[in-house]
Structure formats: C-alpha cells, structure tokens
Amino acid sequence: MCTVLKGTKGMAKDSWFLPFNQGWNDGAGKPPNPNGLKTDYLWKRILTPARLTEILENYAQVVEEENPKTGRKKQVQIFPRFHQLEVVRMILADVMEHGAGKRYLIQHSAGSGKSNSIAWLAHQLISLTKDRKALFDSVIVITDRRILDKQIRETIKGFAQVGSIIGAVKEGGGVSKTEQLTKYLKDGKKLIISTVQTFPHVLLRYPKLTLPLPTSPPIGIYKSHT
C-alpha cells in the first residue's frame, strides 16, 4: 500500500511504500484466513464504497513538508495504514457506544505513525455528535517533551481544514505559554495542544480559574515516549 506519494507528479519511483498488514502474533504479517486469502480483508473491509469514502473524507491528506536544511517546501499525500485506521475506528465506535469518561491505552512502536493517528483521532472526536449534541466540547492533546509537542502540533495543524479551531501553545510571540493555555481553555478552543508541564503553571497562577461550564467533558490525548 502506498502511504505517501512524492514527486511533482506522484511518480512511483519517488513514492514511499509501507506495509498495510494486519499484524500477527504481536509482529508483522497477516493472520491465517481459514475462509480464503490472507489479503481478502483489503477488499472486504477497506476498499468497500463506504469505507473508501470515509478514508478519503477523514484520513487521506495532502500536507506540506519543509526540508529543515534547505527550507524548501513540498506537498505530500498521506494515506493511513491498517493499524491507524483500526485504532481510530475502534475508539470512535467505543465512544459512540459508551460516551465520555473512559480511558484508553494505545501502544505503538517507533515509526508507526503515532502523530498521524492522534491527529486523525482528535479531529474526528470533536466532530462526534449524539442526539444532535456534540459529545466533546474540546479535545486536549498533551505531550511530555518539547520536540514531541512541536511534532504533534505541526501534524494536527497540517490536517486541519479550519485553522481557527486549534489553540496551539508554543514559545515565542511575546505571550507566555501559561497565558496562551489559559486563554484557549477560557475561549473553549476545539483542539488544544500543549505540554503537560504547562498545566501546573496555569493552576498556580490562576487557582480560581473558572472555565465555561461544558455541555460535555473534554477529552485529553497524551503522547509520550518511553
């Protein structure tokens, strides 16, 4: 499965191909299929009209990448891998069934596309509705390191169709991170991105901080490396 098309015309020689396997026994590959080919999940579960439409609407993205050495920018097309589709779909389905308040632990390996999975999940969580009401007022994405914060911030902003819904806490600009986070919380930004270290400063500086009473509790997504 081609997950990233590169080159000015998306030429195959410039493209990046990654596996679209389901995984087997906590490793690569595909599980045995007693009823047919191991790969039949691709056309039975992924390439159906409804699923393919969903992928094109909520996952497939054309994002801009910048070369850190040259500063040159280019557009790259991104397509989700199997495990990314599954983790987002499973969480969304469980939230729709059980509502807010549950905890989930998703373990990913290095290079598995954690930032993309988080971005796809965050953007779709803020769009979830039940009985014509939003399930979440805000989604807060938290990281424990600056480099992760910058990475996830750029990924989420790159996937956004409407930039104004995002409150990204970052250094610089003459406004402290504490003040930025406080403002985004007060304003009820749909997507808030911050490091975990910033929250204690908000509570210390504004111990009586009162936020607009949400119609439903916000959800936090935490990304860390161990």
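5 Å is the cut-off here: which amide hydrogens, built 1.01 Å from N in the peptide plane, fall below it relative to I140, excluding neighbours closer than 5 in sequence?
The answer is I192, I219, G220, I221.
³J(HN,Hα) across segment 183-193 via Karplus (A = 6.51, B = -1.76, C = 1.60, θ = phi - 60°), whole Hz, x for Gly/Pro?
So the J values, rounded to whole Hz, are 5, 5, 5, 5, 6, x, 4, 5, 10, 10, 10.
In nm, to one decimal, how far is the M90 label point from the V175 one, both placed 7 Å along Cα→Cβ?
3.8
Provide the per-residue ³J(HN,Hα) series for segment 59-76, in order, calculated from phi with Karplus coefficients 6.51, -1.76, 1.60 and θ = phi - 60°, each as a whole number of Hz, with x at glycine and proline positions.
Here the 3J(HN,Hα) series is 10, 4, 9, 10, 10, 9, 10, 10, 6, x, 8, 9, x, 6, 10, 8, 8, 10 Hz.
In nm, what is the difference between 0.36 nm times the number of residues separating T53 and K150 and their Cα-Cα distance? Could the numbers behind the result be given before it?
On the way: separation 97, 0.36 × 97 = 34.92 nm, distance 3.06 nm.
Roughly 31.9 nm would be gained on extension.
Points 7 angstrom from Cα along the Cβ direction at T129 and V62: gap in nanometres?
Output for this residue pair reads 2.8 nm.
Exactly which trypsin sites (Lys or Arg not before Pro) in segment 68-105 are in a DSSP loop and have at most 12 other Cβ atoms within 10 Å?
Numbers: sites: K69, R72, K73, K74, R81, R89, K102, R103; in loops: K69, R72, R81, K102, R103.
When the trypsin sites (Lys or Arg not before Pro) of segment 68-105 are filtered for loop state and at most 12 Cβ neighbours within 10 Å, K69, R72, K102, R103 remain.
Whole-Hz Karplus ³J(HN,Hα) for segment 106-115, in order, using 6.51 cos²θ - 1.76 cosθ + 1.60 and θ = phi - 60°, x for Gly and Pro?
10, 9, 10, 8, 4, x, 8, x, 4, 4
We did not get these values from a lab; they are worked out from the coordinates using the rules stated. Here the structure is a predicted model, which means the values were calculated and not measured. Methodologically, a virtual Cβ is constructed for each residue, glycine included, from the backbone with ideal geometry; neighbour enumeration extends over all protein chains shown.
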